[in-house]
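Trainee: One structure follows; several queries about it will come next.
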Amino acid sequence: MVAILCQYAKLNAPSTHIPTLKLENTIEVTEEIISASLTRALNQYSTLQAHDGHWPGDYSGILFIMPIFIFSLYVTGSLNIVLSFEHKHEICRYIYNQQNEDGGWGKQVLGPSTMFGTCMNYVSLMLLGEKLNGDLDALAKGRSWIISHGSATAIPQWGKIWLSIIGVYDWSGNNPIIPELWLVPDFLPIHPGRFWCYTRLVYMSMAYLYGIKFVGPLTPTILALREDLHSVPYTNIDWDKARDSCAKEDLHYPRSQAQNLIFGCLNKFVEPILNCWPANKLRERALSNLMKHIHYEDETTKYVGICPITKALNMICCWVENPNSDAFKQHLPRFYDYLWLAEDGMKAQVYDGCHSWEIAFIIQAYCSTNLIGKFGPTIKKAHEFMKNSQVLSNHPNYERYYRHRSKGSWTLSSVDNGWSVSDCTAEAVKALLLLSKISPDLVGDPIKQERLYDAIDCILSFMNKDGTFSTYESKRTFSWLEVLNPSESFRNIVVDYPSVECTSSVLDALIIFQEVHPLYRRNEVEKCIRDAAKFIENNQKNDGSWYGTWAICFTYGTMFAVRGLVAAGRTYDNSYPIRKACTFLLSKQQSTGGWGESYLSSHNE
Ligand SMILES: CC(C)=CCC[C@@H](C)[C@H]1CC[C@@]2(C)C3=C(CC[C@]12C)[C@@]1(C)CC[C@H](O)C(C)(C)[C@@H]1CC3
């Protein structure tokens, strides 16, 4: 979706004007003043609501997402079909705006330059038709960053794969991603169907492209890039050496000895054997099995994909299979779901949005004021969106494709995305239960009981054996399998681990649900509440904080943990963990009176 927020602000201009109240230090802050400020804020916020009831927002920040879109459009010859001149202009503007002083690009906005970010964005600019223009221009600075930091052979694993796909890096400089792994019996912990869904899907299409060693058309631009990105002539590159090289700027998680041994064996023995007769017959089977799963993922997400990375990879796989196929063509219009235009240019989002997740909190926030009476139409529209974005059925044969139940759930973003998430469902349930207590004349009809029960069934289906909650599925395998994670940039991506945030959202939702429907699956709900609260208490750190997996970081984790524990009846007086949490939060208050945290917290933990 491409949206400019000021357009909405104009369309939904507030009906009443409330004058600004300047708060001087000397004026006592009365309830009246607070209420006026809050009304003004909600008035303004309501103008930003879209016609269908959700609040659009910029969900970007990872700087290699647009590049992988550009790469996939380029190799499939669709760049000019999907992107107009204006798109390209705005995309280039954004990329230039994100360039660091030293000429490189980070993995994410505000991040220091990395080989991954720099190669991907530099190549994108070239594929979009930008030209080097003198030694001092932005492109020249980008190129010199790459050469002076070890050249493109030092890009980390994901980058090596993308550069191989477009033909500026050789597939032999990659560690194998064995497609046959999908053929092992699925009761084994090593079967990819047991990995965290996001990792299994990214590596699924990577395994396909690796298996066929796909390379896009070798255009003059690609041939020129082969020389641009490397410090020695392309034909002289030592790909054996390149395979395990990674720039220090990108090496967040160096490989262990065990990993070196595994990847060494895969490379020296397993992959060569699998390429010889008769084992290569197995490869054909493995590839057609992968393609079956790729189509399933595309169809069940209406070609949106679980994330932009799988979308871009799957689209290439569909094109390789048949460039004239409907499958390939259906991918093209869904690129726009990921685009976002802002004052700094056009960017690609990390997901097709986060509509359902955010709207649940927005509704909860409105409900926490006593001003609902003033915002009936806004809340009614939001309520409709919430009800319309519930996933109403399971995907066909979902278990055969290693999918979790979807019926009754909410996704992070849209129904089309189709991937249910435990805490997105829990927060949605909370919002709907709050709305069901308000007059339907004001906020619309409450969710039907049957749909609410579907949601609770779905939430309970997410529960791990110990009462905790992970993200998209329950935990399916063991953490020792992290040894198979070949990425230097991301850790803990093989297992869908439980988190305090997911567990706490569910705990809170079940408690509110139980107050209204005390008999529904009573024993399971009660056990879940008990176990979830125990998990949260057991995971508190000595300083009183909780580690937050899904945002920044200890402040966020602590907020969720406290919400859950308070819902479960813990108070400052009766709970030592709550008192410790307060001490932690107070110790982090800044001189301005507010709180903040660096994104490095997550990384340094
Ligand atoms: C940046 C890269 C490498 C792409 C990753 C794309 C997705 C897999 C990421 C992007 C946003 C993301 C971090 C998110 C989550 C899972 C992984 C996501 C979807 C979830 C849904 C996990 C559960 C969390 O409680 C919460 C709902 C906050 C997040 C939201 C963002």
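Trainee: Rounded, prolate or oblate for region 65-348? Axes are the square roots of the Cα gyration tensor eigenvalues, ordered a ≥ b ≥ c, and the cut-off for rounded is a/c under 1.5.
Mentor: oblate
Trainee: Which order, highest average first, do 116-123, 494-501 follow once you tally other Cβ atoms within 10 Å for each residue and take the mean per peptide?
Mentor: 116-123, 494-501
Trainee: Restricting everything to alpha-carbon atoms, can you work out Rg to Rh for region 319-469 with a Kirkwood hydrodynamic radius?
Mentor: Looking at region 319-469, the ratio lands at 1.04.
Trainee: Next question, about the same structure. Say the dipole of the chain comes from +1 at the beta carbon of Lys and Arg and -1 at that of Asp and Glu; which of Leu442, Ile363, Asn485 then lies farthest toward its positive end?
Mentor: Asn485
Trainee: Using a 7 Å offset from the Cα along the Cα-to-Cβ direction at both Tyr398 and Trp550, what is the distance between the two label points in nm, to one decimal?
Mentor: With each label placed 7 Å out from Cα toward Cβ, I get 1.7 nm.
Trainee: Note down the relative contact order for the chain as a percent, whole number, built from C-alpha pairs under 8 angstrom at least six residues apart.
Mentor: 14 percent
Trainee: Here's a follow-up. Assuming a ≥ b ≥ c are the square roots of the Cα gyration tensor eigenvalues, decide whether region 479-605 counts as rounded (a/c under 1.5), prolate (otherwise, with a/b larger than b/c) or oblate.
Mentor: Since a/c reaches 1.5 but b/c is at least a/b, the shape of region 479-605 is classed as oblate.
Trainee: Can you figure out the FRET efficiency of Ser148 with Ile81, using R₀ = 35 Å and their beta-carbon distance, to the nearest 0.05?
Mentor: So, using R0 = 35 Å, E works out to roughly 0.40.
Trainee: Using the scaling law 2.2 N^0.38 Å as the reference, what is the normalised Cα Rg of region 390-513?
Mentor: 1.17
Trainee: About its Cα centre, what dipole magnitude does the chain give when the only charges are +1 on Lys and Arg Cβ and -1 on Asp and Glu Cβ, stated in debye to the nearest 20?
Mentor: Using Cβ point charges on Lys, Arg, Asp and Glu, the chain gives about 940 debye.
Trainee: Can you give me the Cα centroid spacing of region 342-401 and region 242-321 in angstrom?
Mentor: For region 342-401 versus region 242-321, the Cα centre distance is 34 Å.
Trainee: By count of other Cβ within 10 Å, fewest leading, how are Ile552, Ile273 ordered?
Mentor: Ile273, Ile552
Trainee: Another question, if that's okay. What length, rounded to one decimal in nm, is gained on full extension from His603 through to Gln364, with 0.36 nm per residue of separation minus their alpha-carbon distance?
Mentor: Full extension from His603 to Gln364 adds 83.0 nm.
Trainee: Given the peptides 368-378, 426-436, arrange them by the average over their residues of other C-beta atoms within 10 Å, most packed first.
Mentor: 426-436, 368-378
Trainee: I've got another one for you. Using unit Cβ charges (K, R positive; D, E negative) and no other charged atoms, how large, in debye to the nearest 20, is the dipole of region 65-348 about its Cα centre?
Mentor: Computed about the Cα centre, the dipole is about 620 debye.
Trainee: Given a Förster radius of 51 Å and the C-beta distance between Asp457 and Asn133 as r, what FRET efficiency does 1/(1 + (r/R0)^6) yield to the nearest 0.05?
Mentor: For R0 = 51 Å, the calculated efficiency reads 0.25.
Trainee: Add +1 for every Lys or Arg and -1 for every Asp or Glu among the other residues with Cβ under 14 Å from the Cβ of Cys92, and state the total.
Mentor: Local charge sum for Cys92: -1.
Trainee: Additional query: Beta carbons within 10 angstrom, averaged per residue: use that to sort the peptides 522-533, 560-571, highest first.
Mentor: Highest mean packing first, the order is 560-571, 522-533.
Trainee: Now for a different question. So what is the relative contact order of region 132-239, in percent, for Cα pairs below 8 Å that sit 6 or more residues apart?
Mentor: The value is 35 percent.
Trainee: Please work out whether region 141-239 counts as rounded, prolate or oblate from its C-alpha gyration tensor, where a ≥ b ≥ c are the square roots of the eigenvalues and a/c under 1.5 means rounded, while otherwise a/b larger than b/c means prolate and anything else oblate?
Mentor: prolate
Trainee: Could I ask something else about it? Just grab the label-to-label distance for Phe490 and Lys248, each label 7 Å out from Cα along the Cβ direction, in nm (one decimal).
Mentor: 2.7 nm
Trainee: Would you kindly derive the ³J(HN,Hα) couplings of region 540-551 from the backbone phi angles with the Karplus curve 6.51 cos²θ - 1.76 cosθ + 1.60 (θ = phi - 60°), listing them in order in whole Hz, with x for Gly and Pro?
Mentor: 6, 7, 4, 7, x, 9, 10, 6, x, 7, 10, 6
Trainee: Moving on to the next point. Would you compute, from DSSP H runs of 4+ residues alone, the mean residue ellipticity of the chain at 222 nm, taking -39500 (n - 2.57) per run and dividing by the full residue count, rounded to the nearest 500?
Mentor: -15000 deg cm²/dmol
Trainee: Assuming R0 = 35 Å, can you tell me the calculated FRET efficiency for the pair Val415 and Arg285, based on Cβ-Cβ distance, to the nearest 0.05?
Mentor: Efficiency, rounded to the nearest 0.05: 0.55.
Trainee: Taking the Cβ of each residue in Lys311, Lys437 as the centre, tally the other Cβ atoms inside 10 Å and list the residues starting with the fewest.
Mentor: Lys437, Lys311
Trainee: Along the principal axes of its C-alpha atoms, what lengths does the chain span, in descending order and rounded to whole Å?
Mentor: 74, 56, 49
Trainee: In nm, give the distance between the simple-model label positions of Asp238 and Asn388, each being 7 Å from the Cα along the Cα-to-Cβ direction.
Mentor: For Asp238 paired with Asn388, the spin-label model returns 6.1 nm.
Trainee: Could you list His383, His517, His355 in order of exposure, starting from the residue whose Cβ has the fewest other Cβ atoms within 10 Å?
Mentor: Listing His383, His517, His355 from fewest to most nearby Cβ atoms yields His517, His383, His355.
Trainee: Mind checking the full-extension length gain between Leu38 and Arg530? Use 0.36 nm per residue of separation minus the Cα-Cα distance, one decimal, nm.
Mentor: Separation in residues times 0.36 nm, less the Cα-Cα distance, equals 173.5 nm.
Trainee: Continuing with the same structure: Among the trypsin sites (Lys or Arg not before Pro) within region 128-223, which fall in a DSSP loop and have no more than 14 other Cβ atoms within 10 Å of their own Cβ?
Mentor: The qualifying sites are Lys131, Lys213.
Here, each number is a calculation from the coordinates, and none is a lab measurement. No experiment lies behind these values; they were computed from the predicted model shown. Counting neighbours? That spans all protein chains shown, and the Cβs are built from the backbone with ideal geometry, glycine included.
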